[in-house]
Each structure stands twice: as C-alpha cells, then as structure tokens.
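Values in this text are rule-based calculations from the coordinates and carry no lab data. The shown structure was predicted, so the numbers you read here are calculated from the model rather than taken from an experiment.
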Amino acid sequence: MRTVGTVIAFSACRALRRGTCQVVIGATLVAGVTLVPLASGSPAGTFALRLELPWEGVPSVCVGSRPPTVQCYAHPGGPIAAPGLGVVFQSYIYPVETQPGSACPGGGFYVMPYSARLIVKGKGEILLTLGAVEGCLQGPPSDTVLSPTQAFTVTGGSGVYAGASGSGVVRRTQVRRTIAGHGAGRDIWEGALIVPNFEFDMKPPTITGAGGKVVRATRKATFVRVRYQPGATDNVDQTVPVACKPRSGSLFKVGRRTLVRCSATDMSANTSHASFTVTVRRQR
C-alpha cells in the first residue's frame, strides 16, 4: 500500500514467534540508524511529522550577515530511519546573540531566526525556517539556551520533496554540555509535512525462502556449516537484500535447533522480518 501526500513516524514490530517462519513489520535495520515509530490516522495527503534526531553541536561560521556578537553552532543530526520516508539527517546553524542588550535587561542570550534542512538520503531535502525564540535564555545550569521549543515552517524542498509545505514545532530533550564547549541532545520535529503529487512508499518488502531447515551431520561431526539464501522483493525498489543472524555459512551445533532471524529494508526504511529454525541431527 502507498500513501499519497507526506511523511514521518511509525509502528513498533511485534515479537517473532520462536520456531515459526512469520513475517512481521517493524524494528530496525542498518547499524547506527534509529527507527522512528509511525503516527496513524493522518488525513490523505498529509503525514504526521515526528522525527527524533540526536545531535552534537560544534562551533561554526555564521550563515548570512550576523553581528559580531552572534556566536553560531552547527547542529548536525541523525541518521535515523523513518519508515515511508527513508534515512534522515538534519543540518542547521544555530545563531546565539551573546549580547542582546535591551532585549534582555537582566542578562542572558537570544536565539535568532535561522533555516534548517531535513536531508533524506537518495531522495532530496525538506527546507524549514525557524523564528527567533521569545524571551531571554540562560546558560548552565538551566541551559535553556540549548533547549528552547521553536515553531517551524516548511518552505519547500528539493528532489521528490519539491513544493513541500507544512508547519510544526521542534522540541529539544536530553540536552547536555560537551567537551567541545557547546552541547548535544535530541531534536524532536513534530508537525505536518505536505508534498503535492507524491506517493510515499509505506509497504515493506516481502521476504521469501525463509523456511525451516533440517540438516544431517556425520556421526563424528560436532558442528555443521549451513547455508541458506532468503530473498526479498519490494513494490518500489524491486530486489532488496536480506540480512540474517546467524549468517548463512555459519557453524551450527549438532543436536541443537537454532532460530535464525532475517530482515529486509527498502529505500523508504520500511522493514520486514522473518524467522526460521535450523535443526542439525546426527545421522543414524
């Protein structure tokens, strides 16, 4: 099934039943990539946006014309896997006015307006603008300068996201200071993303060939090397690679039944899982 319109946020997988070959949708995938669960119930053409991206800030050159009292920090984030969207990164330069003057008579900092990008690997970018943060922010120990909630507007995009629109808020959680002198945390982007005339792939791949195997070992063998080759097809990406644990060609102990877990993920971060058993018996 495909959803027309927009993207982001998803359902956790069900547990696999031991000893069966059951395909289910859910969990994750590529090493270093976090899966985001899906919010359902969105009207056609609009997707509920919820991306949670870990970031770590570093000092950066400011973008555009900024007063010399403004300090800027890059906040690169990700990657995460958002089913129906793909592997997502974030990029923006966070501008902090360190001497706001009369805007903050009691002292503190002022976060100025800036632009941000959500980058979907192999598909394009979603462009955002964020307004200034109201009020004066403080450094440690409260560190509100690192954790404001901000409204954003989707102002367009590139690639498949050309013409995107929408709006929402970004919240910051798990904020902490780092040795680099700035900070780190998690940005949670929530709102609505609308992309006209675009279909989002919401269907996971179909795994085949993940059937149980019974292998006979010689009388003196204690381990047997077992090979298997499940495949996966996808309605958009056609053939999708399958990863299994233990891997094909691993050694399996004689007299034991071992559960093999496999997964396949398409370019839109939709993942299917299957399991089967390998039983190694000694020849009589």
_Starting from a Cα-only point model with no solvent, please compute log10 I(q)/I(0) by Debye for the stretch 63-151 at q = 0.16 1/Å._
-0.71
*What whole number of Å gives the distance from the Cα centroid of the stretch 216-254 to the Cα centroid of the stretch 170-213?*
30
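Plugging the Kirkwood radius over Cα pairs into Stokes-Einstein for the stretch 203-282, at a temperature of 10 °C and a viscosity of 1.306 mPa s, what D comes out in µm²/s? Intermediate results must be reported in sequence, preceding the final value.
Values: Rh = 13.3 Å.
For the chosen part, D equals 119 µm²/s.
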*Can you list the aspartates and glutamates whose alpha carbon is less than 20 Å from that of LYS245, not counting same-chain residues fewer than 8 positions off?*
ASP266
